[in-house]
Amino acid sequence: MPTINAIILAAGEGSRMKSNTPKILQQLSDKTLLQHVIDAALPLDANLNIVIGHGAELVKNAIDNKNVNWVVQKEQLGTGHAVQQVMPDIDDDSVCLVLYGDVPFIQSTTLSALLSKAIETGFALLSVVLENPFGYGRIKRNAEGQIVGIVEQKDATAEQQDINEVNTGILAVSASHLKSWLPTLSNSNAQGEYYLTDIIAMAVDNGLSVT
């Protein structure tokens, strides 16, 4: 069984919340959004790596877990850039589970199933079918139903925007693959950011099946 490294992305400002409190520290029921995500990851026996940026010290002080590897993303240049900040601390033979600090309802059982697939194939992602997929990256599949890429809303054609299977952002992939793909990401897109989702097309180009 390989080592599991959970990488929780928690650097965003969350300006839509219109609050001085970082988005991931907003309370849901009895704990912060981020704590819900941490609690979902803990049963997986994973190393916790949390990428912080906006309100970094506030976030650190709010989480009572001495085993967290805190990594600061000084500039918010996209999800691919955020994950890249953690990779020097990750062993090549581990599996990375990418999570988001503002997705509090994710279940440990779902993540466990995702990890099982990733250990089997090298790469697994979590998608969801939505009646109204507006705003989400669309899952692109070929005629055989295999995943070949993800296109973000702002970069999607009218035809691609009709796709209702979308990317949750949550994925599990071998660290060695991540380390080879992340440095080659480009920010030539509508947002000018380094999208983690671009690694799906890279995996396909490398002959890897995305589960």
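Things worth noting here:
- Look at (1) open to solvent by less than 20 Å² (accessible area, probe 1.4 Å); (2) without any contact (Cβ under 8 Å) to a residue 40 or more places away in the chain and you find that residue 75 fails only one, number (1).
- Residue 172 vs. criteria over 20 Å from residue 118 (Cβ atoms), among the hydrophobic types (A, V, I, L, M, F, W, C) and in contact with a helix residue (DSSP H, G or I) (Cβ under 7 Å, 6 or more places away or on another chain): no
- Of the strands (runs of 3 or more DSSP E) entirely within segment 102-158, those holding at least 3 residues that are at pLDDT below 95 occupy 147-151.
- Sole exception among (1) within 18 Å of residue 175 (Cα to Cα); (2) assigned to a helix (DSSP H, G or I) for residue 98, by number: (2)
- Within segment 173-197, the residues that satisfy the criterion of being closer than 22 Å to residue 4 by Cα, surrounded by 16 or more Cβ atoms within 10 Å (Cβ to Cβ) and of a type outside the set (Gly, Ala, Ser) are 173, 177, 178, 181, 182, 196, 197.
- Residues that are open to solvent by 70 Å² or more (accessible area, probe 1.4 Å) and among the charged types (D, E, K, R) within segment 118-172 comprise 120, 131, 140, 141, 144, 154, 159, 162, listed in sequence order.
- Residues satisfying the stated conditions in segment 174-203, i.e. under 14 Å from the mean Cα position of the chain (by Cα) and part of a loop (DSSP other than H, G, I, E, B): 194, 195
The values are calculated or read from the model by the stated rules, or taken from the named source; none is laboratory data. Just so you know, these numbers come straight off a predicted model, no measurement behind them. Counting neighbours? That spans all protein chains shown, and the Cβs are built from the backbone with ideal geometry, glycine included. All accessible areas refer to the heavy atoms of the entire protein, side chains included, with ligands and DNA or RNA removed. Shrake-Rupley method; radii C 1.70, N 1.55, O 1.52, S 1.80 Å.
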